[in-house]
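Read the figures in this text as sums done on the coordinates, not as results from a lab. Nothing here was measured: the structure is a model prediction, and the numbers come from that model. Ideal geometry is used to build each Cβ from the backbone, glycine not excepted, and the neighbour counts take in all protein chains shown.
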Amino acid sequence: MDHPADKLHEIRKQIQARQRDLVELEARAGVAEAAEKLRTDLPHYELIYDAAERFSDQQREFERQEEQRHRERTTRRMRDLYFSVRELGLRKALIAKEREIGTLDVHYWRQELDNAAGRLTTAKSAHQNWWVFGALWGALFIGLGFVSFNWVGALAGLLVGYLWAREWERRALSSRKTEIEEADREFREAEQAWDEVRNEPLIFSQREARTGEPDPT
């Protein structure tokens, strides 16, 4: 069975391979430079810099709105760029390849969510056998105490073993709490990313990939 991380790695490799194919197609179509500029262009954060108190929830909301506007601008301009390619076969190839990448991107974030959910489940079930180690150490201390000082030593060993077991418990619960918090944070981030990706339509439709022409509005 494939490891979840291996699945992500494989999807990432597929995306990278198709991105190279897409860049080659863009170069053939004479739109590579314009397409790269669109991909690397950043949201206009400077327009909202003083719109609200820095690091506030309101400021973050303004940033989110600007990021959404940026995605919409980029999508619109990328569509215009691809549809400006005169050769129909090349235009259809560009659109189809862009759709392949978009579909793989959706699969990537779905797998990322599944992996994060698995890590959270693992974290919640981790460190539950601390008592086994505590019991083993306790038995060892009792045995050593009995061999060294008879029953008095055994009682002393019992006390030491009890204190050691409590320390094992404290460490296990502390580690478990930290790991659960980290896994939960990663899961919530993955969930948010997945919600954004799955609700965002691909740049081009199936019909557009088939015909090379914009869908009727």
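Residues that are of a type in the set (S, T, N, Q) and either in contact (Cβ under 8 Å) with a residue 40 or more places away in the chain or farther than 28 Å from ARG110 by Cα (or both) are absent from segment 22-44 altogether.
Taking only segment 66-88 into account, find how many residues are free of Cβ contacts under 8 Å to residues at least 12 places away in the same chain and either among the small types (Gly, Ala, Ser) or farther than 23 Å from VAL31 by Cα (or both).
1
In segment 198-217, the residues that are at negative phi and loosely packed, with under 12 Cβ neighbours inside 10 Å form Cβ pairs under 9 Å with partners that are hydroxyl-bearing (Ser, Thr, Tyr) and assigned to a loop (DSSP other than H, G, I, E, B), at six or more places apart or across chains, as follows: ASP215/SER205. Taking segment 1-113 and the helices (runs of 4 or more DSSP H) fully enclosed by it, the elements with 3 or more residues that are surrounded by 14 or more Cβ atoms within 10 Å (Cβ to Cβ), of a type in the set (A, V, I, L, M) and touching a helix residue (DSSP H, G or I) at 6+ places or on another chain (Cβ under 7 Å) are at 4-29, 32-40.
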